[in-house]
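Undergrad: This is the structure I have questions about; it appears just below.
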């Protein structure tokens, strides 16, 4: 079951959902709007290797905006830091982004109970399009969980994305091959 706006507010008041910075006007009927952070990254190598630590180059979106190019994977990040201790968070792109031909994630729209971080975005586009820091980019929706959680994401020794960072994080797939 998806949480309603009132249920999201109750969870924020209880501390089981944390959103920083929080802006009440970003709360929708059953979602919370998140914004594009100023940091982007691209992979340094043209060919990526799933068994290798592929390095990225970080840069900031200038005030006048940045033009995304088709055929390039950009790693972005949400402006908002979030924590979700009792629900399953899902990040979906805003329809306004989709109508510009921008995808904000290839496969990683679901978070885990215990996810505490900024959301790294896997941004691609259909045609060149100019983007800006702090523009609305997605919506977080929260699902109820039935039953007790044995191992929250933020407490898992094997969790690869627990280091708090306001910058996009590269794939850690290579850690699965060790």
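The values are calculated or read from the model by the stated rules, or taken from the named source; none is laboratory data. This is a predicted model, so every value here is computed, not measured. As a convention, Cβ positions derive from the backbone with ideal geometry for all residues, glycine included, and neighbour counts pool all protein chains shown.
Undergrad: Just name the residue that is surrounded by the fewest Cβ atoms within 10 Å (Cβ to Cβ) out of those in region 85-102 that are in contact (Cβ under 8 Å) with a residue 12 or more places away in the chain and over 23 Å from residue 154 (Cα atoms). It would help to see each step written out before you state the result.
TA: At the first step, the residues of region 85-102 found to be in contact (Cβ under 8 Å) with a residue 12 or more places away in the chain are 85-94, 96-97, 100-102.
Retained after the next criterion (residues that are over 23 Å from residue 154 (Cα atoms)): 93-94, 96-97, 100-102.
On the way: 93: 19, 94: 18, 96: 11, 97: 21, 100: 16, 101: 14, 102: 22.
Result: 96.
Undergrad: Take the residues in region 103-122 that are touching a helix residue (DSSP H, G or I) at 6+ places or on another chain (Cβ under 9 Å) and not in a loop (DSSP other than H, G, I, E, B); name whichever of them is surrounded by the fewest Cβ atoms within 10 Å (Cβ to Cβ). Spell out the reasoning first.
TA: We begin by selecting, within region 103-122, every residue touching a helix residue (DSSP H, G or I) at 6+ places or on another chain (Cβ under 9 Å); these are 103-104, 111-117.
From the residues that got through so far, the ones that are not in a loop (DSSP other than H, G, I, E, B) too are 103, 116-117.
Details: 103: 14, 116: 18, 117: 21.
Residue satisfying both the conditions and the ranking: 103.
Undergrad: I need the full set of residues from region 124-158 which are in a loop (DSSP other than H, G, I, E, B) and crowded, with 17+ Cβ neighbours inside 10 Å, in order please.
TA: Keep residues of region 124-158 that are in a loop (DSSP other than H, G, I, E, B), which gives 126-128, 132-135, 145-152, 156-158.
Hit for region 124-158 is 133, nothing else.
Undergrad: Pairs only if they're at least six apart or on different chains, beta carbon under 8 angstrom, first in region 157-178 and under 15 Å from residue 120 (Cβ atoms), second in a helix (DSSP H, G or I) and at pLDDT below 85; list them, first residue then second.
TA: Once the first residue is under 15 Å from residue 120 (Cβ atoms) and sits in region 157-178, its partners that are in a helix (DSSP H, G or I) and at pLDDT below 85 give 159/153; 162/153; 162/154.
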